[in-house]
Amino acid sequence: MRVEPAGGKFADPAHPGGDVVDAGDAAPALVVVLGGNQQPVVVGEDAGAIERLWEKVWWASHYGGKGGPTVLALSAFDIALWDLKARRANLPLWRLLGGYDAAVPCYAGGIDLHLTPDQLLRQSDDSVKRGFRAIKMKVGRERLSEDVEKLAAMRAHFGDGFPLMVDANMKWTVAEAIRAARAFAPYEPVWLEEPIIPDDVEGHSRVATEGGLPIATGENFRTIWEFRHAITVGKISFPEPDVTNCGGVTTFMKVAHLAECFNLPVTSHGAHDLTVHLLAACPNRSYLEAHGFGLDDFVEAPLKIADGKAIAPDRPGHGVAFDWTALEKLKAE
Ligand SMILES: [Mg+2]
């Protein structure tokens, strides 16, 4: 099994006619990283030696591209390699990665900062009707009292013990985040997500210790080293990698194992159809984020959610196939 030039096919000569993945599916970003003088770095290599290929791409683009789109492209390449490996083994990816439990606790991640309390409750009721038993809401309104009002309304509506998360999307300074965490604490959110910019590692430590809430972050980290610092120095409680931007399946699983070494759960950001496989392979998994971007309309078999759990499918590979007919409607002229 060898890697062929971008735009061609990843094919396994031992399985002619099968096990072929079109490299064009791996998105233009992959071509950008691997194109030109980067492409020869992997052409002709064994596509099953994923760690080796990951290192080659990483170091070939390290000087000018550590982080940013380079890692997004590397992530796409890495995801394609893991999908191929699982398909060759005729296993769903979660089983290839170790296999723990296909039923993964998940929450509904709403895009709801603009909603009034009543609108937020209606949207959340709809999420519960769709099978969710945990909900994340956005915070970071102009006045902290608006956030507190909405969180209080959610807690009163769903009752004690219903898992609620809050996500500030890097909105605050350290001092503002501490103040917000203290105001939210009586309503017992599972975690406070991205209270400040990801780069302020010491700031996370202050928010965690002085604010008194568990902190989740990681969707804007691009390396395993950033996660290490966030855990050891930043005192975060829920590492939250995104498989599409942290370096792919390879890095996501390393972050999950790193968290396990620190007796921490691992959660996730984005790409829930794929990420369900990764958390289904982790004994220390926390909640899967089922995001609210509405992408389900464009995949052939959207993720199944029932009674608060997302079910990792048993199709070989990651099993995510786009619905090209649905996507056709969005085609730019
Ligand atoms: Mg977030």
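The values are calculated or read from the model by the stated rules, or taken from the named source; none is laboratory data. Predicted, not measured: the structure shown is a model, and the values here were computed from it. In this analysis, Cβ positions are derived from the backbone assuming ideal geometry, glycine residues included, and neighbour counts consider all displayed protein chains.
Kindly provide the set of residues from the stretch 264-289 that are more than 16 Å from the ligand (Cβ to nearest atom), within 17 Å of Pro302 (Cβ to Cβ) and in a loop (DSSP other than H, G, I, E, B), ordered by number. Once the filter is applied, which keeps residues that are more than 16 Å from the ligand (Cβ to nearest atom), within 17 Å of Pro302 (Cβ to Cβ) and in a loop (DSSP other than H, G, I, E, B), the stretch 264-289 yields only Ala280. Among the residues of the stretch 164-175, not a single one is in a helix (DSSP H, G or I) and of a type in the set (Phe, Trp, Tyr).
Every residue, every condition in (1) out of contact with any Gly (no Cβ under 8 Å at 6 or more places or on another chain); (2) crowded, with 17+ Cβ neighbours inside 10 Å, yes or no:
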site	(1), (2)
Thr244	no, yes
Leu274	yes, yes
Arg285	yes, yes
His291	no, yes
Asp297	yes, no
Pro302	yes, no
Ile305	no, yes
Ala321	yes, no
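Condition (residue is in a strand (DSSP E or B), within 20 Å of the chain's Cα centre (by Cα) and closer than 14 Å to Val190 by Cβ) applied to the stretch 138-153: is it met by at least one residue? Within the stretch 138-153, not a single residue is in a strand (DSSP E or B), within 20 Å of the chain's Cα centre (by Cα) and closer than 14 Å to Val190 by Cβ. Identify the residue in the stretch 98-111 that is surrounded by fewer than 22 Cβ atoms within 10 Å (Cβ to Cβ) and not aromatic (Phe, Trp, Tyr) and, among all such residues, is farthest from Gly292 (Cα to Cα). Looking at the filtered set, the residue picked out is Gly98. Which ones in the stretch 65-111 are within 16 Å of the ligand (Cβ to nearest atom) and not aliphatic (A, V, I, L, M)? Hits for the stretch 65-111 are Cys106, Tyr107, Gly109, Gly110. When Leu30, Leu84 are screened for being crowded, with 19+ Cβ neighbours inside 10 Å, at pLDDT below 80 and out of contact with any Ser or Thr (no Cβ under 6 Å at 6 or more places or on another chain), only Leu30 passes. Any residue at all in the stretch 296-308 that is out of contact with any strand residue (DSSP E or B) (no Cβ under 8 Å at 6 or more places or on another chain), at positive phi and not assigned by TED's automatic domain parsing to the domain that holds Thr70? Looking through the stretch 296-308, at least one residue is out of contact with any strand residue (DSSP E or B) (no Cβ under 8 Å at 6 or more places or on another chain), at positive phi and not assigned by TED's automatic domain parsing to the domain that holds Thr70.
In the condition set (1) over 16 Å from the mean Cα position of the chain (by Cα); (2) closer than 15 Å to Asp101 by Cβ, Leu279 is compliant with all but (1).
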